[in-house]
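Trainee: Could you have a look at this structure, given as structure tokens, before my questions?
Derivation of every value follows stated rules applied to the coordinates shown; laboratory data play no part. These figures come from a predicted structure and were not determined experimentally. With ideal geometry, Cβ positions are generated from the backbone for all residues, glycine too; neighbour counts draw on all protein chains shown.
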Amino acid sequence: MVKKSVTVKRESGLEARPIAMLVQKASQFSSQVHIEVGTKSINEKSIMGMMSLSVGNGDQVVVVTEGVDEVAAADEIETYLMAQ
């Protein structure tokens with residue numbers, strides 16, 4: 001299992017289009033991919049779950065991956081969340 005604390009640096013935060021892109025990225029991996037915000041843990045491959053989050057620029061999240069490609073998945077998600 002890989003856990004990475006990430007500060008979101010996307011100017012618009014996580015709105016509909018960035019969430020859709022994030023779900024697509026997470027779905028490319030066979031590992032389980034979750035994002036933790038406060039007490040919530042959401043499957044990043046679930047568009048509905050991700051839409052329930054309210055994550056803005058500068059917010060802190062934890063990316064949790066588990067599986068055969070967990071390191072690559074965590075790195076890819078971290079890079080996406082930190083892109084400006």
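Trainee: Using the Cα centre as the reference, give the magnitude of the dipole from point charges on the C-beta atoms of the range 1-45 (Lys, Arg: +1; Asp, Glu: -1; all else neutral), rounded to the nearest 20 debye.
Mentor: My answer is approximately 100 debye.
Trainee: Now for a different question. If I take R0 = 22 Å and measure r between the Cβ atoms of Thr7 and Asp75 in this structure, what FRET efficiency does the formula 1/(1 + (r/R0)^6) give, to the nearest 0.05?
Mentor: 0.90
Trainee: For mean projected area of the Cα convex hull in nm², one of (i) 9.1; (ii) 4.4; (iii) 5.2 was computed from the structure I shared and the rest are decoys. Which label?
Mentor: (ii)
Trainee: Please determine, in degrees from 0 to 90 and to the nearest 10, the orientation of helix 16-27 with respect to the longest principal axis defined by the Cα atoms of the chain, where the helix direction is its Cα long axis.
Mentor: The two axes meet at around 10 degrees.
Trainee: Just from its helices, what would the mean residue ellipticity at 222 nm be for the chain, if runs of 4 or more DSSP H residues each count -39500 (n - 2.57) and the sum is divided by every residue, rounded to the nearest 500 deg cm²/dmol? All intermediate terms of the calculation are to be shown ahead of the outcome.
Mentor: On the way: 3 runs with 30 residues, N = 84.
That comes out to -10500 deg cm²/dmol.
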